[in-house]
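The values are calculated or read from the model by the stated rules, or taken from the named source; none is laboratory data. The shown structure was predicted, so the numbers you read here are calculated from the model rather than taken from an experiment. All Cβ positions, even for glycine, are placed from backbone atoms using ideal geometry, and neighbour counts span all protein chains on display. The protein model used for the area step is the full one, side chains on, heavy atoms only, and it has no ligands, DNA or RNA in it. Shrake-Rupley method; radii C 1.70, N 1.55, O 1.52, S 1.80 Å.
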Amino acid sequence: MKLLIVMTAVVLLCQAGCSLHSGAITENSFLKADGKELRTGSGKGKKIKLHGTNAGGYLLQELWMTPTLKTVHVQDESGIYAHLKNRFGSDKAAELIAAYQDSYWTTKDFDNVRALGANCIRLPFWYRNLVDENGVVYPGAFKRIDWFISEAQRHGIYVILDMHGAPGSQNGSDHSGRDGGQDKKDSSEFFFGDNALHNQESYYGLWEKIAGHYKGNPAVAGYDILNEPFCTYRYNSGLSDEDLHALLWGIYDKAYKTIRAVDPDHIIIMEAVWNPVDLPEPETYGWENIMYEYHNYLYDDYDNVQGRQLSNMKDKLDAIAAAGFPVPSLMGEFSYFTNYDAWDKGLSLLNKSGINWTTWTYKTTAGCGNWGMYHHAKTVGKINLEHTSFDSIRDFWSSMDAESPNTELIKVLRKHMQP
């Protein structure tokens, strides 16, 4: 009878919104790679698979999926920062951005992710979350990410720190914080142009600071050191595969060594754009305790009428298996778009492959459908930063916590995220 009373109390507490986090991450939860597996206990404990989502749109807006209107002077996050500063000054601009971020992700969102059965969130950020336009580190620069990791840890959720936007932009796309439009390669001043070496040095310096700050933190699953380098111009850059590989792998190696000099323990994650052939044998560079990451999107056959959403993912998983890299693998971004049956079968495919995975993404505007497992409230709409008053922007961006569940997608995800 006493047990029944206790269990009833637990249920009532959870229904009332109280989170019970008996699975909070501890020192013994620290992850390391062991061959192709991840293990707790700094690599000596139990095997674990990471299943979760991305916090896209939180620290770096992509205007196609966030409630900010794309206008002449506001095309990306860089435009948001610059335009708000021009209109209201640096301090007021920072106040508005803080209002957006404060309400975009709250404790409730960790509860939602945990309720899915997920154990991982990939956290995309860009360099301007930490430094100003001159590269000077903000006072309290890590405060927001610290809070995110602390709450995730309390909820039993690992965090992958994802450098989504590097100084100068590594792909000239909006998801790097800087959209180059039709000139994405020329806008990738992280790789190309007179400022490339300076931007790369700034990047290494940032990772040195990040790794020094989070050294020993068991809730950090790993450092995803560069999101989608080259991206859309990967196959039409005018450079050979050998040239692109030499450029990217050299940067990966220097970033690896920079991090290892201050943090010998965290997993370092390198991304392929787009296939295993775009990553080296780890032993070539002497890399240890690393994970290789892949992204997979098929925009053709969007509704999976021809079944290509599934065959395309299977091809990617087969290529990963054939490459045989002696490291864990992460499908860090993917979507099966509109078809719930494709989601169901596709998630099963990922689980059977033994790969770690995080969907793109947690939350979007309602018009983006299954890109998001939650949607901003339909009444929110999008705001025009060029013509809206400071107070109205602040009030609007303070409402980002108003969201509705994408119920059918959540149902499918919960089925496959459960351990």
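Summary table
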read-out: Options 43, 35, 89; residue that is in contact with an Asp or Glu (Cβ under 7 Å, 6 or more places away or on another chain), at pLDDT 95 or above and not acidic (Asp, Glu); value: 43
read-out: Condition met for residue 92 (part of a loop (DSSP other than H, G, I, E, B) and not β-branched (Val, Ile, Thr)); value: no
read-out: Candidate set from segment 230-264 (those that are among the basic types (Lys, Arg) and part of a helix (DSSP H, G or I)); member that is farthest from residue 38 (Cα to Cα); value: 254
read-out: Residue in segment 80-92 that is touching a strand residue (DSSP E or B) at 6+ places or on another chain (Cβ under 9 Å) and either within 30 Å of residue 291 (Cα to Cα) or open to solvent by 30 Å² or more (accessible area, probe 1.4 Å) (or both) present; value: no
read-out: Residue 134 vs. criteria in contact with a strand residue (DSSP E or B) (Cβ under 9 Å, 6 or more places away or on another chain) and among the polar types (S, T, N, Q); value: no
read-out: Selection from segment 282-302 of residues that are open to solvent by 80 Å² or more (accessible area, probe 1.4 Å) and of a type outside the set (Ser, Thr, Tyr); value: 283, 288, 300
read-out: Given (1) in contact with an Asp or Glu (Cβ under 9 Å, 6 or more places away or on another chain); (2) of a type outside the set (A, V, I, L, M); (3) surrounded by fewer than 22 Cβ atoms within 10 Å (Cβ to Cβ); (4) farther than 20 Å from residue 159 by Cβ, number of the condition residue 309 does not satisfy; value: (3)
read-out: Within segment 406-419, considering residues that are in contact (Cβ under 8 Å) with a residue 40 or more places away in the chain and touching a Phe, Trp or Tyr at 6+ places or on another chain (Cβ under 9 Å), the one surrounded by the fewest Cβ atoms within 10 Å (Cβ to Cβ); value: 408
read-out: Failed item, numbered, when residue 204 is tested on (1) out of contact with any Pro (no Cβ under 8 Å at 6 or more places or on another chain); (2) not in a helix (DSSP H, G or I); value: (2)
read-out: Which listed residue is of a type in the set (Gly, Ala, Ser), in a loop (DSSP other than H, G, I, E, B) and surrounded by fewer than 24 Cβ atoms within 10 Å (Cβ to Cβ), from 118, 98, 141; value: 141
read-out: Positions within segment 175-197 being in contact (Cβ under 8 Å) with a residue 24 or more places away in the chain, open to solvent by 20 Å² or more (accessible area, probe 1.4 Å) and not in a loop (DSSP other than H, G, I, E, B), in sequence order; value: 175
read-out: Exclusive hit being polar (S, T, N, Q) and within 30 Å of residue 114 (Cα to Cα), set 199, 227; value: 227
read-out: Any hit, segment 265-280, residues being in a helix (DSSP H, G or I), free of Cβ contacts under 8 Å to residues at least 60 places away in the same chain and exposed (fewer than 14 other Cβ atoms within 10 Å of the Cβ); value: yes
read-out: Looking only at segment 363-400, and only at residues there that are among the aromatic types (Phe, Trp, Tyr) and over 19 Å from the mean Cα position of the chain (by Cα), the one that is surrounded by the fewest Cβ atoms within 10 Å (Cβ to Cβ); value: 390
read-out: Unmet requirement for residue 273, which otherwise passes all of (1) at pLDDT 95 or above; (2) farther than 17 Å from residue 338 by Cβ; value: (1)
read-out: Filter pass, residue 221 being in contact (Cβ under 8 Å) with a residue 60 or more places away in the chain and either outside any loop (DSSP other than H, G, I, E, B) or crowded, with 21+ Cβ neighbours inside 10 Å (or both); value: yes
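Matching residues to (1) in a strand (DSSP E or B); (2) free of Cβ contacts under 8 Å to residues at least 12 places away in the same chain; (3) not β-branched (Val, Ile, Thr):
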residue	(1), (2), (3)
24	no, no, yes
28	no, no, yes
38	yes, no, yes
42	no, no, yes
45	no, no, yes
56	no, no, yes
61	no, no, yes
66	no, no, no
71	no, no, no
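Residue-by-condition table, conditions (1) surrounded by fewer than 24 Cβ atoms within 10 Å (Cβ to Cβ); (2) in contact with a Phe, Trp or Tyr (Cβ under 7 Å, 6 or more places away or on another chain); (3) at pLDDT 95 or above:
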position	(1), (2), (3)
102	yes, no, yes
107	yes, no, yes
122	no, no, yes
128	yes, yes, yes
151	yes, yes, yes
158	no, no, yes
166	no, yes, yes
173	no, no, yes
